[in-house]
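These notes are about the structure you will find just below.
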Amino acid sequence: MVRTVVVMLLVVTAGVGQASRPHTRYFSLGNCPNITEKYDFDPVPYLGRWYEQERFDVVFQAGMDCVNAIYSDLGDGYVEVHNTARTASGKYTDIVGKAHVIAPGVLLVEFHGHIPGEYHVLDTDYESFSAVYNCIQAGEYHFQYAWILSRTMTLDQTTLDYAHQVFLANGIDISLMHATYQGDDCPYTS
């Protein structure tokens, strides 16, 4: 019964998001890919601002652009996660949570009132890009999240191509990626 409810929630959630992008799949039949995280991931050089360059569409980010995240040290192994964006209606939105490393390259991210999620850093050079992924298995289906982040508002094509290769090497379909607008009119905070 619980499995059926989870699968139905994924179907309903995916259907809502697909109204704006009918050719995008939010969930798929089959298993999550067998991924390899950055085994020597260090959260300290990961701190600071990251700009979202590309992502898989997900309901909680529907219509958002100017997406960025600021990671700050909270001490005791925890990092503050401050995500900001501009909504489809043009309003600034943000959410603050915290994260901590639970395995090499894997952080558990928690926002008040939301179910904690895993943040799998597949690769990063800490200075220009980060390739992040999560996949949730629900019975015979899986639900995916993916992001390419950069330290600057734009990312050079060579680095973007490398980030795409990281996903491909992990068996992740990058045709589901779409670019996130970043521009001078974005309502970033300092």
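Among the residues of region 165-181, is any among the hydroxyl-bearing types (S, T, Y) and buried (at least 17 other Cβ atoms within 10 Å of the Cβ)? Give the derivation first.
Taking region 165-181 and keeping what is among the hydroxyl-bearing types (S, T, Y), we get 175, 180-181.
Still in the running and buried (at least 17 other Cβ atoms within 10 Å of the Cβ): 180.
Within region 165-181, one or more residues are among the hydroxyl-bearing types (S, T, Y) and buried (at least 17 other Cβ atoms within 10 Å of the Cβ).
Hey, can you tell me all the residues within region 87-101 that are in a loop (DSSP other than H, G, I, E, B) and polar (S, T, N, Q)? Even if it seems obvious, please write down each step before you answer.
Filtering region 87-101 for residues in a loop (DSSP other than H, G, I, E, B) gives 87-91.
Matches in region 87-101: T87, S89.
Hey, can you tell me all the residues within region 71-101 that are of a type in the set (S, T, Y) and either in contact with a strand residue (DSSP E or B) (Cβ under 8 Å, 6 or more places away or on another chain) or within 28 Å of D40 (Cβ to Cβ) (or both)?
So the first thing to find is which residues in region 71-101 are of a type in the set (S, T, Y), and the list is 71-72, 78, 84, 87, 89, 92-93.
Y71, S72, Y78, T84, T87, Y92, T93 - these are the residues of region 71-101 that are of a type in the set (S, T, Y) and either in contact with a strand residue (DSSP E or B) (Cβ under 8 Å, 6 or more places away or on another chain) or within 28 Å of D40 (Cβ to Cβ) (or both).
Results for (1) surrounded by fewer than 19 Cβ atoms within 10 Å (Cβ to Cβ); (2) modelled with pLDDT under 95, shown as yes or no for each residue.
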| site | (1), (2) |
| --- | --- |
| V44 | yes, no |
| L47 | yes, no |
| Q53 | no, no |
| A62 | yes, yes |
| C66 | no, no |
| E80 | yes, no |
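Starting from region 27-43, take each residue that is within 10 Å of V121 (Cβ to Cβ) and list its partners that are surrounded by 16 or more Cβ atoms within 10 Å (Cβ to Cβ) and charged (D, E, K, R), counting only C-beta distances under 7 angstrom and pairs at least six apart or across chains.
From region 27-43, the pairs are K38/D123.
Considering only residues of region 102-144 that are of a type in the set (G, A, S), in a loop (DSSP other than H, G, I, E, B) and in contact with a strand residue (DSSP E or B) (Cβ under 9 Å, 6 or more places away or on another chain), which is surrounded by the most Cβ atoms within 10 Å (Cβ to Cβ)? It would help to see each step written out before you state the result.
Narrowing region 102-144 to residues of a type in the set (G, A, S): 103, 105, 113, 117, 128, 130-131, 138-139.
The next check asks that each one be in a loop (DSSP other than H, G, I, E, B); those that pass are 105, 113, 128, 139.
Keeping just the survivors that are in contact with a strand residue (DSSP E or B) (Cβ under 9 Å, 6 or more places away or on another chain) gives 105, 128.
Details: G105: 20, S128: 17.
Selected residue: G105.
Here are the criteria: (1) part of a strand (DSSP E or B); (2) under 26 Å from Q165 (Cβ atoms). Tell me which single one C32 does not satisfy.
Here C32 meets the rest and fails (1).
Return the residues of region 145-157 that are farther than 14 Å from M177 by Cα and either in contact with a helix residue (DSSP H, G or I) (Cβ under 8 Å, 6 or more places away or on another chain) or assigned to a loop (DSSP other than H, G, I, E, B) (or both); say none if nothing qualifies. Step through it out loud before you land on a result.
Quick first cut of region 145-157, residues farther than 14 Å from M177 by Cα only: 150-157.
S150, R151, T152, M153, T154, L155, D156, listed by residue number.
What is the number of the single condition among (1) in contact with a Phe, Trp or Tyr (Cβ under 8 Å, 6 or more places away or on another chain); (2) free of Cβ contacts under 8 Å to residues at least 24 places away in the same chain; (3) of a type outside the set (S, T, N, Q) that M153 does not meet?
(2)
Tell me which residues, restricted to region 145-158, are surrounded by fewer than 17 Cβ atoms within 10 Å (Cβ to Cβ) and under 19 Å from V67 (Cα atoms).
Correct list: R151, T152, M153, T154, D156.
Hey, any hits in region 90-104 for a residue that's over 26 Å from P187 (Cα atoms), hydrophobic (A, V, I, L, M, F, W, C) and free of Cβ contacts under 8 Å to residues at least 40 places away in the same chain? Walk me through how you get there before you give the answer.
To start, the set of residues in region 90-104 that are over 26 Å from P187 (Cα atoms) comprises 100-104.
This time we only want the ones that are hydrophobic (A, V, I, L, M, F, W, C), so: 101-103.
Those left that are additionally free of Cβ contacts under 8 Å to residues at least 40 places away in the same chain: 102.
Yes, region 90-104 contains a residue that is over 26 Å from P187 (Cα atoms), hydrophobic (A, V, I, L, M, F, W, C) and free of Cβ contacts under 8 Å to residues at least 40 places away in the same chain.
Taking only pairs six or more apart or across chains, which ones have beta-carbon atoms under 8 Å, a first residue in region 165-190 that is on the phi < 0 side of the Ramachandran plot, and a second residue that is part of a loop (DSSP other than H, G, I, E, B) and of a type in the set (K, R)?
Final answer for the pair search is L176/R25; H178/R21.
The values are calculated or read from the model by the stated rules, or taken from the named source; none is laboratory data. Just so it is clear, the model here is predicted, and its values are computed rather than measured. Counting neighbours? That spans all protein chains shown, and the Cβs are built from the backbone with ideal geometry, glycine included.
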